[in-house]
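The values are calculated or read from the model by the stated rules, or taken from the named source; none is laboratory data. Please read these numbers as outputs of a predicted model, since none were measured by experiment. Methodologically, a virtual Cβ is constructed for each residue, glycine included, from the backbone with ideal geometry; neighbour enumeration extends over all protein chains shown. All accessible areas refer to the heavy atoms of the entire protein, side chains included, with ligands and DNA or RNA removed. Shrake-Rupley method; radii C 1.70, N 1.55, O 1.52, S 1.80 Å.
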Amino acid sequence: MDSLVIVDAANVVGSVPDGWWRDRHGAAERLRDALPGYAADGLPGLMAPPLELVLVVEGAARGVESVDGVRVVAADGSGDDRIVRLVAEESGERDCLVVTADRELRERVRALGARVTGPRAVWGRRRDEG
């Protein structure tokens, strides 16, 4: 069974001051487009492949579509609450990793058995390659 990786789009995009606030939708699409390689390659030092990647978007990024290798889930309200629900509903017996720097969210998902890592796990590689 694939391990589950849930990416907090708003938090990861916001971790790099590159003007994302001028186009939140476009910034979320760029993040989404940087993620598919991880489904097959895994996250070095964190999770071996294959991975199911879920990108949780909120606010102005709600219209971002899924692509091969990345399922996009739009939060109706709080992105953090949606991430917690995904961990509770979809992690089951499989390894689950949440990518965020949000301290409160980290505590909430750890209480459900998920592991956590910061934005550089997915955003650093994109920056180095691009």
Next item on the list: Scan the stretch 46-103 residue by residue and report those that are free of Cβ contacts under 8 Å to residues at least 24 places away in the same chain and either aliphatic (A, V, I, L, M) or open to solvent by less than 10 Å² (accessible area, probe 1.4 Å) (or both).
Entry: Val73, Ala74, Ala75
Next item on the list: Scan the stretch 21-77 residue by residue and report those that are over 23 Å from Arg115 (Cα atoms) and of a type in the set (Lys, Arg).
Entry: Arg22, Arg24, Arg30, Arg62
Note to self: If Ala40 meets every condition in (1) at pLDDT below 90; (2) more than 13 Å from Val5 (Cβ to Cβ) apart from one, which number is that one?
What the structure shows: (2)
Notebook entry, point to check: When the stretch 32-51 is examined, which residues are found to be of a type outside the set (Gly, Ala, Ser) and under 20 Å from Asn11 (Cα atoms)?
Noted result: Arg32, Asp33, Leu35, Pro36, Tyr38, Leu43, Leu46
Next item on the list: Using the structure shown, decide if Thr117 is of a type in the set (Ser, Thr, Tyr), closer than 22 Å to Pro17 by Cα and open to solvent by 20 Å² or more (accessible area, probe 1.4 Å).
Entry: yes
Notebook entry, point to check: Can you tell me how many residues in the stretch 18-45 are open to solvent by 70 Å² or more (accessible area, probe 1.4 Å) and closer than 13 Å to Glu65 by Cα?
Noted result: 2
